[in-house]
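Engineer: Below is the structure I would like to discuss, written out as structure tokens.
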Amino acid sequence: MKSTGRGLTGLKNLGNTCYMNSILQCLSNTHFLNEFFHDPSFKMHLNRNNKTQGKIGEEVAAVIKALWTGQYKCIASKNLRYVVGQYERQFGGIEQQDSHEFLTILMDWLHSDLQTKQMQISTSLDQLPPSEKAWIEHFKGKDSYISELFYGQIKSTVKCTRCHKESATYESFSNLSLELPQDSNICYLENCLDMYFNGEEVRGWHCPKCKSNQDAIKKLDISRLPSILVVHFKRFYADPDTMATVYRKKQTLVKFPLSELNMTRYLARTEVNRNKRLTTFRYHLYGVSNHYGSMESGHYMAFCLNNIHQKWFKFDDYNVSSIDASDVQASAAYILFYSCLPDRPQSDVR
């Protein structure tokens, strides 16, 4: 049976693989990644000398291309599941897994599989700004299309309250993992971002200038914004009131913008010029990985904005149906996919 259109093909559930399916549909609707994998020359960028030998990149590309032929109502990602199961056994079994954990590991695999592009450095490392030096060192001097699209960098600044000495460190990320407010049935994405980036007191920090332990303020800022911003909500937590470890789920409804997510105020002031490679710091939503139910008995679906039809669709394993934009905000939202890149019609993707 034919699909109703390109990019509207479902994925068979191969035994609790809905977590994998929801992530693959969101990645499939990442337009620039989709175009990259549709270009046969992407194979020139495959790294055959790493742990996964380029196999993850090849299989993800094969799935994405099949999803966009418009020829199938649904397909089975058996080869991809087999390959990821070789490198992480948990993803090859029939137990339900966490879509955020799968996405984070998959991003690292894809980056490693495509990490063949030498970074252009015009001066010695020691003469570069600390943030740029940390970026190059983290990626060992080699970029990938994945790091260019999905990876950003956090600046962590600790400031002594006595002498005001500041110490900064930098860490790369492929997604932001945000806490939800306590005892709240409803909140806004902005609330979660503010909680993450607001300063916090640190007791007993060893100040290198005072040469003694002092109180300090720790502050996080973004030093490098990614083109694709992925946001994860920490919905699962260990119940402190139970003897055995029992995980509960926060059902908080997070209200998030479908467009015009402005990340400017979370950007480190010293790093604005470095981020001018982006034409805007405003993001639009194009994908959501949703989780329904509990940790023990749950189900994943994806909501994705199809770039050809310019409509939202629900991907529930092999079932694909259109939804209203007003239905995208739901208390099941687990991972959000935002882009600050200009939309390009995908009609020429084959």
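Engineer: Could you check how many residues of region 235-270 are among the hydrophobic types (A, V, I, L, M, F, W, C), part of a loop (DSSP other than H, G, I, E, B) and touching a helix residue (DSSP H, G or I) at 6+ places or on another chain (Cβ under 9 Å)? If you could, list the steps in order and put the result at the bottom.
Structural biologist: From region 235-270, those among the hydrophobic types (A, V, I, L, M, F, W, C) are 236, 238, 243-244, 246, 253-254, 256, 258, 261, 263, 267-268; that's our starting set.
Now narrow it down to the ones that are part of a loop (DSSP other than H, G, I, E, B): 243-244, 246, 256, 258, 263, 268.
Within this subset, residues satisfying the condition of being touching a helix residue (DSSP H, G or I) at 6+ places or on another chain (Cβ under 9 Å) are 256, 258, 263, 268.
Residues that pass the stated criteria total 4.
Engineer: Report those helices (runs of 4 or more DSSP H) wholly inside region 1-67 carrying at least 2 residues which are acidic (Asp, Glu) and either within 24 Å of Ile94 (Cβ to Cβ) or touching a residue at least 12 places away in the same chain (Cβ under 8 Å) (or both).
Structural biologist: 55-67
Engineer: Among residues belonging to region 271-287 that are β-branched (Val, Ile, Thr) and under 21 Å from the mean Cα position of the chain (by Cα), point out the one that is nearest to Ala325 (Cα to Cα). Write out each step before concluding.
Structural biologist: Step one: filter region 271-287 for residues β-branched (Val, Ile, Thr), giving 272, 279-280.
Subset that is under 21 Å from the mean Cα position of the chain (by Cα): 279-280.
Working: Thr279: 26, Thr280: 23 Å.
Step by step, filter region 271-287, then rank; the result is Thr280.
Engineer: Which one is farthest from Gly54 (Cα to Cα) among residues in region 108-135 that are at pLDDT 95 or above and among the charged types (D, E, K, R)?
Structural biologist: Asp108
Engineer: Give the residues of region 281-312 that are touching a strand residue (DSSP E or B) at 6+ places or on another chain (Cβ under 9 Å) and outside any strand (DSSP E or B), sorted by residue number.
Structural biologist: Phe281, Ser294, Met295, Glu296, Asn307, His309
Engineer: Just give me the residues in region 289-308 being at pLDDT below 95 and surrounded by 15 or more Cβ atoms within 10 Å (Cβ to Cβ), in sequence order.
Structural biologist: Just the residues of region 289-308 that are at pLDDT below 95, to begin with: 293-298, 307-308.
Once the filter is applied, which keeps residues that are at pLDDT below 95 and surrounded by 15 or more Cβ atoms within 10 Å (Cβ to Cβ), region 289-308 yields Met295, Gly298, Asn307, Ile308.
Engineer: Now for a different question. Please list, ordered by residue number, the strands (runs of 3 or more DSSP E) wholly in region 116-212 having 1 or more residues that are out of contact with any Ser or Thr (no Cβ under 6 Å at 6 or more places or on another chain) and over 23 Å from Val230 (Cα atoms).
Structural biologist: Because the criterion is at least 1 residues that are out of contact with any Ser or Thr (no Cβ under 6 Å at 6 or more places or on another chain) and over 23 Å from Val230 (Cα atoms), the strands (runs of 3 or more DSSP E) in region 116-212 that meet it are 152-160, 166-173, 200-207.
Engineer: A follow-up question, please. Collect the residues in region 21-45 that are under 20 Å from the mean Cα position of the chain (by Cα) and more than 16 Å from Ala66 (Cα to Cα), keeping them in residue-number order.
Structural biologist: Selection gives Phe32 alone.
The values are calculated or read from the model by the stated rules, or taken from the named source; none is laboratory data. All of these numbers come straight from a predicted model, not from anything done at the bench. With ideal geometry, Cβ positions are generated from the backbone for all residues, glycine too; neighbour counts draw on all protein chains shown.
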